[in-house]
Protein chains: 2
Amino acid sequence: MSTKIAPLSGFPEWLPAERVVEQAFLDVIRETFELHGFVSVETRAVEPVSRLLGKGGDADKEIYGVHRLAADADDKDADDPDKALGLHFDLTVPFARYVLENAGKLTFPFRRYQIQKVWRGERPQEGRFREFTQCDIDIVDVGELAAHYEAEMPLVIADVFSRLPIGDYRIQVNNRKIPEGFYLGLGLTDVVGTLRIVDKLDKIGPEGVTELLAAAGATDEQISQCLRLAEISSQDTSFADRVRALGVCHPTLDEGLAELTAVMEAAIAERPGVLVADLRVARGLDYYTGTVYETQLVGHESYGSICSGGRYDALASDGRTTYPGVGISIGLSRLLAKLIAGGLVTATRPTPTCVVVALGVEEDRPRARAVAAELRSRGIPTEIAPSAAKFGKQIKFADRRSIPFVWFLGADGASDSVKDIRSGEQVEASSDTWVPPAEDLHPTLQRVEA
Amino acid sequence: MSTKIAPLSGFPEWLPAERVVEQAFLDVIRETFELHGFVSVETRAVEPVSRLLGKGGDADKEIYGVHRLAADADDKDADDPDKALGLHFDLTVPFARYVLENAGKLTFPFRRYQIQKVWRGERPQEGRFREFTQCDIDIVDVGELAAHYEAEMPLVIADVFSRLPIGDYRIQVNNRKIPEGFYLGLGLTDVVGTLRIVDKLDKIGPEGVTELLAAAGATDEQISQCLRLAEISSQDTSFADRVRALGVCHPTLDEGLAELTAVMEAAIAERPGVLVADLRVARGLDYYTGTVYETQLVGHESYGSICSGGRYDALASDGRTTYPGVGISIGLSRLLAKLIAGGLVTATRPTPTCVVVALGVEEDRPRARAVAAELRSRGIPTEIAPSAAKFGKQIKFADRRSIPFVWFLGADGASDSVKDIRSGEQVEASSDTWVPPAEDLHPTLQRVEA
C-alpha cells in the first residue's frame, strides 16, 4: 500500500498500555451503571440527517454525512433529506428515537445506559475530538418524570467516580428555570438570546457580556442583575436566599429554586461536597428544560466539562405521547486524554497476560499448550513463548511486556516451576493448583501524583 | 420532531433482553481472548478511502464515505482522494495500518484482539448487515511468522465457543497454497481466476463451475481435477493422501499440504473433531496467502460462515519491513441474528437489576437510598421503586421486568425483609449481609432447544 501512514487529527487511538486504562475505566463505568439498574442499549451509528438536525441548535455544523461510494444510479435515498444518513453526534438524540420506535416493548420509567463512539466534524483542540466515546445514563418516563431522578443522576456519577483514580472533581448543577424566570422577572423577554450571551461569561468576561447584553437592548440594571445571578454558587442550599435577595420575582424562578434546592438536599444527604449549585451553568443551546449538570476536574477547570447533562421534557415525542427524561454523560475520551496524556494514570502492564510458558525446545510446545490450557481454565491469562529459546531470552520476552511470571516445564519428570521475574523468586508449581497473587492476575491502574 | 420513526434496513438494534444476550457473548469473547494473552486494540472508525481501496478485491462497492455536511470552502480534504475518509469495512485493514503506524512502540509477535462495529454498503439480507460487530484476533510478527500460530487461531475460537451456547459448529480449514499449487501443477496458470470460479461451487454447482472453467480455456481433465480437489474433506490428516492420489505435483502444493497437516495435527491433539480440512474453502478474493478458515453452525450451513480468517503475508508493509500475520474473526452480529431471531438463546431478564427496594411512602426514599447503596457496595444491582405505592404494585413493577427480589423496609423499627417474587418466599434480611443466590445476581443465558 502506498498511502502514507499518519495519524488523523481528531481521531485519537490508544497504544496497548493506554487502552488498558481505557478498558478499566469502561469496566468500572459499566459495572456501576448496572449496579444502579441501568439497562444497556446500543443504537446504530447513523440517523437520518433530518433527525440529527431537529434539535441541538447549530449542530448541523458538526454532522458527518455518510454515503455509499458506489451508490447506484437508482439509489434515490442519497438525495432525499429524510433518508440521507449522518453519524450521530451524541447519544441522547438516538436514544430518544429508540424510545419512540420501541415504546411498546419497553417498561417505563426506562433506565438505560449507553456507551458508544460519537462523531463531530469540529476543529480538533485539546480534549475535543472528531471521534470520541461517551458514557450516558438516562431515565425516561411516559408523560411525566418524577423530580427525584434529577437528584439521582449526579449521585450515580459520584458513585462511578469514587471507584476511579480521577482525582478531585466537582459536579456543578443549575436549573434552567432559574435564569429563565429571573430574566422574565427582570423584563428580559428574549430568554434564549440572553442565556446565549451570559453563557459566554467564562470566555469573554463580564465586560464582554455587558457589551453584548447592552447591544441586545438590556438596561444597565438588567445587565448588573444578570451578572449578579451568574456569580452565585454554593455547596449548600444557601444559593436560594442569595437569589431571592436580588429582589426579582417570577413563578418560573420559584419553581427552579425549589427544584434545585431538592437536588442539593438529596446530594448533601448522600454525598456531601460533591455537588455545587452554580447558577452560571447553562449547557449552551441544548434541549434541556430543567436541571443541568457540568463537571470539572479540580485544578483543570479551564479544560472544560468532563461530564454533563440535564433534564429534557420534549426531546422524545411522537405528537401524542411525550417521554420526558433526564440524563448525564461522561465524556470518557476527554477525561482520559487529560489523565493519560498528563501521565496521571498508568497501567501496570500493556497486556492481559499474567504468565508466559517458556519453551526450551520446540518439541515441548504440546506440553506447553496443556499447561496453558490448564492455567486458563482457572482464569489465569497465559501465553506460550513464540519460539524455543534459552532461559535469558524467555525472561526478556516477559520483561519487555511487564508480564510478572514465567513458567518452566520440568525436564525428565521433574516438577514444573514458576518464576516471579520481578523478585527472581522461583518455586515448584503445578498448573492445576498454582495461583498468582490477586493483584497480579490482571493489569491494574496506578494514579501518579504530580 | 416530524421525521417518521422507522427502522433502517441493515442497521439492526437490539431490545434490552436481546442486548443482554449480546453483552454476555461479548464478555465471554473478550475474557477468552484475554486468557489467551491477546491485547485489546481499538482503531478509529474511519480510514483514508485510498487505504480502504488498497486491498480486498472489489471492496470499493461496499465502502461508506464520510464527509462533513458543513464542510468549509477551504476544506480541501474532501476532494483529495488520499484524504477523503470512509468507514472501515473490516478490522484487519485498520489493524495493519495501526501496526505500521505504531511499529516502534509495539512488541512482536504482537497478539491483539479488536471488537468493533464495521460498515458495508451491501444490500441487506438474512445475516448480512450494513452495520455489524466483528470480534477479531490476529498475531503479527516482523519479517517472518511462525507456522504454529496458524494452528492456534481456530483453537482460541474453539475455546470461546466452548463457553457459549451456540450449539454444534464446525471450523473448516484449508491452505491456499493447495489449490494454487494444484492448479499450477495442472497447467492452469490463472490461479486467481480459477479460484474465483471454483469458489462459486456452493452457489452454482459443479455444472456451473464446469461451464465457467471451460469458457476460461480449461480442458475437461483439468476441470475434473479441480472439482475432485474441491470435494476432498476430512476430520483427520487423510486429506493429504487423497490429494496426492490425484497425481498432481507442484512444490507449492507440497508446502500447502504440509502446512495444513500441521494445523490439523495440533487441533486433533487439543480439540479432536472441531476442525475439518475442507479443500473447497477459499475465502474469496481476500488478502490471504496461506491457511484460511470458515465456520458453519451445524444444521445452518446455508446461513454462511460465522467465523472466518486466514494468514496474510503482505497486508502490512511499509516497503522496507513486512509484518506477516494470521487472524480470525467472529461475525458476532451474524451469529446473534441467527441465535436470537431464531429464539435459540434468551436471557433470564432484560435488566441488570436483581433487587427493587419498595417504597410504601415517599418519605422513606432516603432510607431506601441507604439500603440500595449498601446492597450495591456489595455488588448487588439494585434500583428503588419509582414512586410510593401499595405492595401489589411494587411486586408487579418487579415482575414485569423479571427482577427476582423485592426489598421491603421494616416499619417502626422492625427488620427489613426481602421477597423472592417467583416463589413468594419472604424472609427477614439486613442490607449489609443478605446475598442473593449466585445464579440470580446477574442475568444469565438460556439455550432453548427446538
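The values are calculated or read from the model by the stated rules, or taken from the named source; none is laboratory data. Predicted model, so just to flag it, every value in this text is computed and none were measured. Cβ sites come from the backbone with ideal geometry, for glycine too, and all protein chains shown count toward neighbours.
Apart from one condition, B:SER234 fits all of (1) more than 21 Å from B:ILE166 (Cβ to Cβ); (2) surrounded by 22 or more Cβ atoms within 10 Å (Cβ to Cβ); the exception is (2). Without any contact (Cβ under 8 Å) to a residue 12 or more places away in the chain and over 28 Å from B:VAL160 (Cβ atoms): does that describe A:GLY424? Considered against the rule, which asks whether it is without any contact (Cβ under 8 Å) to a residue 12 or more places away in the chain and over 28 Å from B:VAL160 (Cβ atoms), A:GLY424 comes out as yes.
Residues are listed down the side, and each one gets a yes or a no for (1) without any contact (Cβ under 8 Å) to a residue 40 or more places away in the chain; (2) hydrophobic (A, V, I, L, M, F, W, C); (3) within 30 Å of A:LEU297 (Cβ to Cβ):
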residue: A:GLY319; (1), (2), (3): yes, no, no
residue: A:GLY327; (1), (2), (3): no, no, yes
residue: A:GLY331; (1), (2), (3): no, no, yes
residue: A:LEU336; (1), (2), (3): no, yes, yes
residue: A:LEU339; (1), (2), (3): no, yes, yes
residue: A:GLU362; (1), (2), (3): yes, no, no
residue: A:VAL371; (1), (2), (3): no, yes, no
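What do you reckon, is A:ARG44 within 27 Å of A:ILE157 (Cα to Cα), modelled with pLDDT of 90 or more, assigned to a loop (DSSP other than H, G, I, E, B) and within 7 Å of chain B (Cβ to nearest Cβ)? Spelling it out, A:ARG44 is indeed within 27 Å of A:ILE157 (Cα to Cα), modelled with pLDDT of 90 or more, assigned to a loop (DSSP other than H, G, I, E, B) and within 7 Å of chain B (Cβ to nearest Cβ). A:SER377 falls short on exactly one of the conditions (1) over 30 Å from A:LEU52 (Cα atoms); (2) surrounded by fewer than 16 Cβ atoms within 10 Å (Cβ to Cβ); (3) away from chain B (no Cβ under 11 Å), and that condition is (3).
Residue-wise test of (1) within 14 Å of chain B (Cβ to nearest Cβ); (2) in contact with a His (Cβ under 7 Å, 6 or more places away or on another chain); (3) within 29 Å of A:GLY299 (Cβ to Cβ).
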{"residue": "A:ALA147", "(1), (2), (3)": "yes, no, no"}
{"residue": "A:VAL192", "(1), (2), (3)": "no, no, no"}
{"residue": "A:LEU201", "(1), (2), (3)": "no, no, yes"}
{"residue": "A:GLY205", "(1), (2), (3)": "no, no, yes"}
{"residue": "A:ALA218", "(1), (2), (3)": "no, no, no"}
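For the stretch A:201-230, which residues satisfy the criterion of being under 31 Å from the mean Cα position of the chain (by Cα) and either loosely packed, with under 13 Cβ neighbours inside 10 Å or in a loop (DSSP other than H, G, I, E, B) (or both)? Answer for the stretch A:201-230, where residues must be under 31 Å from the mean Cα position of the chain (by Cα) and either loosely packed, with under 13 Cβ neighbours inside 10 Å or in a loop (DSSP other than H, G, I, E, B) (or both): A:ASP202, A:LYS203, A:GLY205.
Being in a strand (DSSP E or B), among the charged types (D, E, K, R) and either closer than 30 Å to A:ASN175 by Cα or at pLDDT 95 or above (or both) is a condition met by at least one residue of the stretch A:312-322. Under the condition of being within 19 Å of B:THR291 (Cβ to Cβ) and either surrounded by fewer than 20 Cβ atoms within 10 Å (Cβ to Cβ) or modelled with pLDDT under 95 (or both), the residues counted in the stretch B:160-175 number 2. Residues in the stretch B:116-144 that are buried (at least 20 other Cβ atoms within 10 Å of the Cβ) and either free of Cβ contacts under 8 Å to residues at least 12 places away in the same chain or aliphatic (A, V, I, L, M) (or both): B:VAL118, B:ILE137, B:ILE139, B:VAL140.
Scanning the stretch A:124-136 turns up at least one residue that is touching a helix residue (DSSP H, G or I) at 6+ places or on another chain (Cβ under 6 Å) and hydroxyl-bearing (Ser, Thr, Tyr). Can you confirm whether the stretch B:342-358 contains a residue that is surrounded by 15 or more Cβ atoms within 10 Å (Cβ to Cβ) and free of Cβ contacts under 8 Å to residues at least 24 places away in the same chain? Taking every residue of the stretch B:342-358 in turn, none turns out to be surrounded by 15 or more Cβ atoms within 10 Å (Cβ to Cβ) and free of Cβ contacts under 8 Å to residues at least 24 places away in the same chain.
Scanning the stretch A:108-155 for residues that are of a type in the set (S, T, N, Q) and modelled with pLDDT under 95 yields a single hit, A:GLN125. If only residues of the stretch B:387-413 that are free of Cβ contacts under 8 Å to residues at least 24 places away in the same chain and touching a Ser or Thr at 6+ places or on another chain (Cβ under 8 Å) are counted, the one that is nearest to the other protein chains (Cβ to nearest Cβ) is B:ARG400. Can you report the number of residues in the stretch A:249-283 which are on the phi > 0 side of the Ramachandran plot and within 14 Å of another protein chain (Cβ to nearest Cβ)? Qualifying residue count for the region: 0. Confirm whether B:ILE384 is within 14 Å of another protein chain (Cβ to nearest Cβ), at pLDDT 95 or above and touching a helix residue (DSSP H, G or I) at 6+ places or on another chain (Cβ under 6 Å). Yes.
Consider the stretch B:56-93 and keep the residues that are at the interface with chain A (Cβ under 7 Å from one of its Cβ atoms) and assigned to a loop (DSSP other than H, G, I, E, B). The one that is modelled with the highest pLDDT is B:ILE63.
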